[in-house]
Amino acid sequence: MYFEIIGELSAVETIATGSGIRELARLRKRYGRGRWRKRKGIARVRLASGEIIIAELQWYEATGVGKREFKIKRFL
């Protein structure tokens with residue numbers, strides 16, 4: 001699903017770190033080493049249809065790499 005984040009992420013919290021991430025090997029292979037964390041937060045997003053909604057997002061983040069692979073977990 002295509003979407004664009006509008007504004008800031010809020011209520012950001014860490015779900016898992018390091019070996020607690022199931023896809024750690026794939027992330028390291030694709031983006032490189034780093035202190036990987038799986039995080040979640042809330043943001044306004046614009047969907048492909050143009051509709052603007054508030055959604056809970058999840059993504060992976062590492063120092064030196066940045067935020068990667070955003071996905072919408074649920075609409076609020």
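The values are calculated or read from the model by the stated rules, or taken from the named source; none is laboratory data. Remember, predicted model here, so these are calculated numbers, not experimental data. With ideal geometry, Cβ positions are generated from the backbone for all residues, glycine too; neighbour counts draw on all protein chains shown. In case anyone asks, the SASA skips ligands and DNA or RNA and just uses the protein heavy atoms, side chains included. Shrake-Rupley method; radii C 1.70, N 1.55, O 1.52, S 1.80 Å.
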Completion exercise
Computed D for segment 4-76, Stokes-Einstein, Kirkwood radius over alpha-carbon pairs, 37 °C, 0.692 mPa s, to the nearest µm² per second, is 254 µm²/s
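Quick one: pull the percent of accessible area on the chain belonging to carbon and sulfur, 1.4 Å probe, ligands and nucleic acids left out.
That fraction is 47 percent.
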Practice task
Report the residue, chosen from 61, 51, 13, that carries the largest GNM mean-square fluctuation when the chain is represented by alpha-carbon nodes joined by springs under 10 Å.
Solution key: 51
Fill in the blank from the handout: Note to self, the chain gives a 222 nm [θ] from helices alone (DSSP H runs n ≥ 4, -39500 (n - 2.57) apiece, / all residues, nearest 500) of -3000 deg cm²/dmol
Completion exercise
Expressed per residue, the solvent accessible area of the chain in Å² (1.4 Å probe) is about 68 Å²
Practice task
Name the residue farthest towards the positive end of the dipole of the chain from the options 66, 50, 12, assuming +1 on Cβ of Lys and Arg, -1 on Cβ of Asp and Glu, about the Cα centre.
Solution key: 66
Handout entry: 13 Å Cα cut-off, lysine pairs counted over the chain (separation 8 or more, or different chains)
Key = 6
Handout entry: Integer Hz, Karplus 6.51/-1.76/1.60 couplings in order for segment 54-66, x for Gly and Pro
Key = 9, 9, 8, 10, 10, 7, 9, 9, 9, 5, x, 10, x
Handout entry: Debye, to nearest 20: dipole size of segment 1-66, +1 on Lys, Arg Cβ, -1 on Asp, Glu Cβ
Key = 540 debye
